[in-house]
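The values are calculated or read from the model by the stated rules, or taken from the named source; none is laboratory data. Being a predicted model, the structure only gives us computed values, none of them experimental. Please note: Cβ atoms are built from the backbone with ideal geometry, for glycine as well, and neighbour counts cover all protein chains shown.
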Amino acid sequence: MKKLGIGLAAIVLAIGFSAFTHAPAKAPVSYYWFQYDVAGNIIEPSSPPPPLTSDPFTCVGTIRNCASGFSGYAPDGTKYKPVGSPLVTDKKN
């Protein structure tokens, strides 16, 4: 009876431990970052922005939302404008 209890306990523990696994780490998401001026207008760069995982601008001073990450960009004459709504905003102050 003791062997049966130990064996059953080992099986229950093995099933219990295998039920708890670590979730795989999420891959970092890249955004196309655009900077805002003091009036809150997007500054459209003259070259395409590279996809980056974090804000490349140093947000200091009084601009509250100084940069936002978008899912894409589109050419607009000699400048590039963001596509869609901001997905993430750097709120440094």
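For the range 44-55, a tally of residues being without any contact (Cβ under 8 Å) to a residue 24 or more places away in the chain and more than 17 Å from Gly72 (Cβ to Cβ) returns 1.
Can you pull out the strands (runs of 3 or more DSSP E) entirely within the chain that have at least 1 residues that are of a type in the set (D, E, K, R) and over 17 Å from the mean Cα position of the chain (by Cα)? Can you show your working first?
Numbers: elements: 31-36, 67-70, 72-76, 79-83, 88-90.
Hits in the chain: 72-76, 79-83.
Ala9: surrounded by 10 or more Cβ atoms within 10 Å (Cβ to Cβ) and either in contact (Cβ under 8 Å) with a residue 60 or more places away in the chain or not aromatic (Phe, Trp, Tyr) (or both), yes or no? So Ala9 passes the test. Whenever a residue of the range 21-38 is modelled with pLDDT of 80 or more, its partners that are surrounded by 10 or more Cβ atoms within 10 Å (Cβ to Cβ) and aromatic (Phe, Trp, Tyr), lying with C-beta atoms within less than 6 angstrom and at least six residues away or across chains, give the pairs Tyr32/Phe70; Tyr32/Tyr73; Gln35/Phe57.
State whether the residues of the range 10-29 include one that is in contact with a strand residue (DSSP E or B) (Cβ under 6 Å, 6 or more places away or on another chain) and among the small types (Gly, Ala, Ser). Steps first, please.
Residues of the range 10-29 in contact with a strand residue (DSSP E or B) (Cβ under 6 Å, 6 or more places away or on another chain): none.
Checked the range 10-29: no residue is in contact with a strand residue (DSSP E or B) (Cβ under 6 Å, 6 or more places away or on another chain) and among the small types (Gly, Ala, Ser).
When the range 1-35 is filtered for residues that are among the basic types (Lys, Arg) and over 30 Å from Gly72 (Cα atoms), the ones remaining, listed by number, are Lys2, Lys3.
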